[in-house]
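> My questions will all concern the structure given below.
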Amino acid sequence: MSEVISIVTKEIEPLIPAPYELVDVEWEKMGADFVLRILLDKPEGITLQDTVELTEIISPALDEITPDPFPAEYMLEVASPGAERPLKKASDFENAVGDHVYVSLYTKVDKSKEFIGDLVSFDGEKLVIDYLDKSRHKTVEIELKNIAKARTAVKI
């Protein structure tokens, strides 16, 4: 986790009012610009008005962080995680059981570093995905610590 992400998460997470949930903080360079993306959600989904209200809470708080963690000027984007929600915490995986997911791994499991399929179960340390290998359904067990990136996926 980059230092910017860590500092921003620590500073803004306590400011997010219920029923909103901080889903993810992303810091990336896009062309010549830096973008700080704050992904938020709530049970019934997030609206444009919600993002406006949350930006009014988050933006001033970011200006107060000292020392300034941002290496350059940046654009703030407060948004919904969308249909392909990042899965990072154990609770994210628990809530995604039964959903279609994409998982990228640090090391290969069953000769692959990527899986797209249905999240069948999660026990806190390992998840089981039912995926299609050519024309056969298979299941794979993946340790949480081996996951580089995971998100819900739109089923085609």
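Rule-based calculations on the coordinates, nothing more; no lab input. None of these values were measured; they are calculated from a predicted model. In this analysis, Cβ positions are derived from the backbone assuming ideal geometry, glycine residues included, and neighbour counts consider all displayed protein chains.
> Taking springs between alpha-carbon atoms closer than 10 angstrom, which of ILE12, ILE129, ILE65 fluctuates most in the Gaussian network model of the chain?
Result for the chain, Cα springs under 10 Å: ILE65 fluctuates most.
> Arranged by the count of other C-beta atoms within 10 angstrom, fewest first, what order do THR51, THR139, THR152, THR107 take?
THR107, THR139, THR51, THR152
> Taking springs between alpha-carbon atoms closer than 10 angstrom, which of GLY117, GLY31, GLY82 fluctuates most in the Gaussian network model of the chain?
GLY31
> How big is the equivalent ellipsoid of the chain along its three axes, where each semi-axis is √(5λ) from the Cα gyration tensor, reported in whole Å from largest to smallest? Numbers along the way, then the final one.
Values: eigenvalues 207, 61, 38 Å².
So the three semi-axes of the chain are 32, 17, 14 Å.
> Could you calculate the contour length gain from LYS111 to THR139, that is, 0.36 nm times the residue separation minus the distance between their Cα atoms, to one decimal place in nm? Don't jump to the answer; show the numbers that get you there.
Details: separation 28, 0.36 × 28 = 10.08 nm, distance 1.31 nm.
Taking LYS111 through THR139 to full extension adds about 8.8 nm, to one decimal.
> Also: Can you tell me the convex hull volume per residue for the stretch 44-86, based on C-alpha atoms, in Å³ to the nearest whole number?
Values: hull volume 4.6 nm³, N = 43.
Cα convex hull per residue, to the nearest whole number: 106 Å³.
> Right, here's the next one. Can you pull a Stokes-Einstein diffusion coefficient for the stretch 3-79 at 25 °C (0.890 mPa s), Rh from Kirkwood over Cα pairs, as a whole number of µm²/s?
On the way: Rh = 12.8 Å.
Translational D for this selection: 191 µm²/s.
> How big is the C-alpha Rg of the stretch 90-152 next to the rule-of-thumb value 2.2 N^0.38 Å, as a ratio?
Details: Rg = 10.5 Å, N = 63, 2.2 N^0.38 = 10.6 Å.
Taking the Cα Rg and dividing by 2.2 N^0.38 Å, one obtains 0.99.
> Continuing with this model, one more query. For the chain, take the longest principal axis of its alpha carbons; what is the angle in degrees between that and the long axis of helix 48-63, to the nearest 10 within 0 to 90?
60
> I've got another one for you. Between helix 3-12 and the chain, what is the angle of the helix's C-alpha long axis to the longest principal axis, kept within 0 to 90° and rounded to the nearest 10?
70
> If I histogram all Cα-Cα distances within the stretch 17-58 using bins 10 Å wide from 0, what percent of pairs lands in each bin?
Final binned percentages: 25, 50, 22, 3.
> Need one number: % antiparallel among DSSP beta bridges in the chain, to the nearest 5.
Looking only at bridges with both residues in the chain, the antiparallel portion is about 85 percent.
> Counting helices only, and only those DSSP H runs with n ≥ 4, report the 222 nm mean residue ellipticity of the chain as the sum of -39,500 (n - 2.57) divided by its residues, in deg cm²/dmol to the nearest 500. Numbers along the way, then the final one.
Numbers: 3 runs with 33 residues, N = 156.
When only DSSP H runs of four or more count, the value is -6500 deg cm²/dmol.
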